[in-house]
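Reading through the structure tokens given below for one structure.
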Amino acid sequence: MAQTSVIRSKVRHMSAPGTRDQDTQKWVDLLHQVAHHRDREAFRQIYDHFAPRIKAYAMNQGVSQQADELVQEVMTSVWRSADKYADSLASVSTWIFTITRNQRIDLLRKAGRMQAEIKVETEELWQIPSEDNTVSSIQQLSAQRHLSKSISELPEEQMIAVKKVYYEGKTHQEVAAELNIPLGTLKGRLRLSMQKLRVMLEAKEL
Amino acid sequence: MSGYHPDEITLMDYSAGSLSLAQSLAVAVHLFMCGQCRGQLEQLNALGGTLLAQSDPQAVEVQGFDDFMDTLDAKPEPQITTKVQSRLYNPLQNLLPDSFDAIPWRKQTKDIAEYDLTKQLAGQGVRVALQKIRAGAKVPPHSHRGQETTVILSGGFSDELGVYHKGDFVTRDASHRHTPTALQNEDCICLTVLDAPIYFVSGFYRLLNPFMRW
Ligand SMILES: [Zn+2]
């Protein structure tokens with residue numbers, strides 16, 4: 001896999017195509033085709049790649065029954081909001097993740113009993129990255145692209161803790177019980193993993 | 001610039017979407033006022049994006065791409081064409097009148113007034129309110145059975161553990177007994193979220209926590 005090189009520029013909103021691996025750039029280009037030309041073939045590629053992963057997310061999150069509904073809601077948002085995506089702010093997978101997370105929360109809220117009086121929209125509580133609410137510098141963004149490698153470098157027990165809490169939507173109590181460790185130990189692992197990820201990200205920026 | 005922030009595990013839960021709605025409101029209000037935490041959140045969101053990209057794909061059963069597009073074409077575009085907001089948003093905006101003065105405060109004591117938001121927001125076992133403490137006034141000493149999260153919207157206060165200003169995110173759990181005192185010169189207005197004092201374990205959690213209900 002091609003490694004992205006280091007960028008020192010702090011200029012925001014500057015697209016820097018030469019610094020991305022081809023795969024990252026591919027999704028950016030496809031999404032731009034969708035945004036500017038309503039290109040269905042480009043969207044088909046995005047759909048074919050991401051829909052099965054959104055489905056996997058839904059199943060991991062314990063919302064398997066609504067998994068296909070979640071996929072459709074998310075892909076509809078991606079199609080309709082493609083022009084809101086800015087490649088200087090987040091990778092396509094991060095952008096789609098934030099939309100997926102919010103749609104999952106929407107599904108949960110609709111299924112719960114409290115929807116009638118809710119006056120705060122999910123999108124107000126969890127903002128999708130956009131030009132005006134994002135502080136990312138190009139540097140941070142370049143560092144984020146190393147994340148997949150950094151995650152694989154975490155000690156296994158930390159990686160498992162992160163995946164369970166972050167990706168399976170489980171509470172700390174549930175994860176601690178599953179792993180048969182005290183709650184404090186789980187929190188310790190989570191903190192350590194966040195520190196390690198940060199250190200690894202910073203080291204790669206030098 | 002805010003000096004007290006949610007800890008990184010709270011931000012992580014928020015980013016993952018597994019923090020309760022009421023706690024998430026407190027975090028979102030802090031994020032509105034804190035660029036540092038917005039930066040940290042972006043990294044956490046990128047973690048989510050990476051995990052999404054790495055997951056093992058599962059076949060979508062209901063329909064293929066062409067059917068999906070047919071359905072999409074048949075649906076009218078909603079008037080507001082997108083749910084993706086662009087501007088930085090104060091999540092309290094739609095819950096409150098334009099100014100703090102216009103809030104129908106309910107007097108608790110001569111120094112403390114409250115505006116309850118619980119009905120508009122939360123599920124069971126959680127209390128969400130705005131509190132206004134008169135400049136320089138002391139809140140009677142108290143402790144909590146659950147965790148109390150406070151985000152300062154205006155003014156500031158101090159207690160045995162520190163001095164807090166606008167934007168600060170302060171958590172106190174049952175082990176703290178504290179006596180907050182509003183800073184001089186200005187009334188202190190804050191958002192307060194009091195969590196369920198009940199400790200849910202394992203499978204029961206999903207049944208009892210409305211946010212996780214299915
Ligand atoms: Zn902060």
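The values are calculated or read from the model by the stated rules, or taken from the named source; none is laboratory data. Just so we're clear, the structure is a prediction, and the values are computed from it rather than from any experiment. For neighbour counting, all protein chains shown are included, and Cβ atoms are generated from backbone atoms with ideal geometry for every residue, glycine included. Keep in mind that these areas ignore ligands, DNA and RNA; they rest on the heavy atoms of the full protein, side chains included. Shrake-Rupley method; radii C 1.70, N 1.55, O 1.52, S 1.80 Å.
Given B:Lys110/B:Lys138; A:Lys55/A:Lys163; A:Lys110/B:Lys119; A:Lys149/A:Lys196; A:Lys26/A:Lys163, which pairs have Cα atoms separated by over 20 Å? Walk me through the numbers before you get to the answer.
Details: B:Lys110/B:Lys138 11 Å; A:Lys55/A:Lys163 16 Å; A:Lys110/B:Lys119 16 Å; A:Lys149/A:Lys196 12 Å; A:Lys26/A:Lys163 26 Å.
Checking Cα-Cα distances, A:Lys26/A:Lys163 exceed 20 Å.
In Å², nearest 100, what accessible area do chains A and B bury in total when the solvent probe is 1.4 Å?
Details: alone 12540 and 14180 Å², together 18770 Å².
Looking at A and B, the buried total is near 7900 Å².
Note on A:Gln195 and A:Ser64: their simple-model spin labels are 3.8 nm apart, each label 7 Å out from Cα toward Cβ.
Comparing the full protein assembly with the isolated chain (1.4 Å probe, heavy atoms, ligands and nucleic acids excluded), the residues of the range A:81-97 losing at least 20 square angstrom of accessible area are A:Ser81, A:Lys84, A:Ser93, A:Thr94, A:Phe97.
Please give the peptides A:157-170, A:25-38 ranked by average Cβ packing (other Cβ atoms within 10 Å per residue), highest first, as a rough proxy for protection. Please report the intermediate quantities before stating the final value.
Working: A:157-170: 20.1, A:25-38: 17.2.
Ranking, from highest mean packing down: A:157-170, A:25-38.
Take the Cβ atoms of B:Gln93 and B:Ser158, set R0 to 30 Å, and the FRET efficiency comes out at 0.60.
Annotation for A:Asp23 and A:Leu179: the two label points, set 7 Å from Cα along the Cα-Cβ direction, are 2.6 nm apart.
How much net charge surrounds A:Gly188 when only the other residues with a Cβ under 14 Å from the Cβ of A:Gly188 are counted, with Lys and Arg +1 and Asp and Glu -1?
Values: positive: A:Lys187, A:Arg189, A:Arg191, A:Lys196; negative: A:Glu157, B:Asp7, B:Glu8.
That sum, taken over residues with Cβ under 14 Å, equals +1.
Which part of the range B:1-36 falls in the paramagnetic zone of B:Asp173, meaning amide N under 15 Å from the point 7 Å along Cα-to-beta-carbon? From the range B:1-36, the list is B:7-11.
By how many nm would the segment from B:Asp66 to B:Asp7 lengthen if fully extended, with 0.36 nm per residue of separation less the alpha-carbon distance?
Numbers: separation 59, 0.36 × 59 = 21.24 nm, distance 4.51 nm.
Gain on stretching B:Asp66 to B:Asp7: 16.7 nm.
Taking every residue in A:159-165 and counting other chain Cβ atoms within 10 Å of its Cβ, the average works out to 2.
Where does the charge balance sit around B:Trp105 when Lys and Arg score +1, Asp and Glu -1, over other residues with C-beta under 14 Å from its C-beta? Each step should come with its number before you reach the end.
Values: positive: B:Arg106, B:Lys107, B:Lys110, B:Lys132, B:Arg134; negative: B:Asp101, B:Asp111, B:Glu114, B:Asp116, B:Asp187.
Net of charged neighbours comes to 0.
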